[in-house]
Amino acid sequence: MSNLKKVESSNVSIKSTTSTIASTTSSIKMKLNAMRDKRRRANEQKRQNKMEQTSMRTITEYLALK
């Protein structure tokens with residue numbers, strides 16, 4: 001009986017550890033996704049700003065030629 005209780009206790013411990021690992025992994029994945037989204041938005045904003053600067057420069061040059 002003693003060995004059976006040890007096995008059951010071990011099994012509960014393994015399940016608990018597995019659950020903790022799964023939870024931690026999920027948390028890390030969520031944080032990574034948030035970081036990726038933040039980087040993607042920042043890059044998109046940079047592209048948008050660059051396009052606006054180019055447009056303004058083009059308009060300014062065009063007006064200067066008139």
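Bear in mind these aren't lab numbers, they're just calculated from the coordinates by the rules spelled out. Remember, it's a predicted structure, so these values are computed and weren't measured experimentally. Every residue, glycine among them, receives a Cβ derived from its backbone with ideal geometry; neighbour counts consider all protein chains shown.
Compared with the dominant principal axis of the Cα atoms in the chain, helix 2-65 is inclined by about 0°.
Gain in length, Gln53 to Glu8, computed as 0.36 nm per residue apart minus the alpha-carbon separation, to one decimal in nm?
Using 0.36 nm per residue and subtracting the Cα-Cα distance, I get 9.5 nm.
Put a plus charge on the Cβ of each Lys and Arg, a minus charge on the Cβ of each Asp and Glu, and nothing anywhere else: the dipole of the chain about its Cα centre is then about 80 debye. Within the same chain, lysines fewer than 8 places from Lys31 are excluded, and of the rest, those with a Cα less than 23 Å from its Cα are Lys46. Compactness of the chain, taken as the C-alpha radius of gyration over 2.2 N^0.38 Å, stands at 2.63. Once the other residues with Cβ under 13 Å from the Cβ of Thr54 are scored (Lys, Arg +1; Asp, Glu -1), what is the net sum? Charge balance in the 13 Å sphere: +2. For Lys5, a cut-off of 18 angstrom between C-alpha atoms picks up these lysines, skipping any fewer than 8 places away in its own chain: Lys15. What lysines could a cross-link reach from Lys50, if we take a straight Cα to Cα line under 24 Å and drop same-chain neighbours fewer than 8 places away? By straight Cα distance, Lys50 reaches Lys38.
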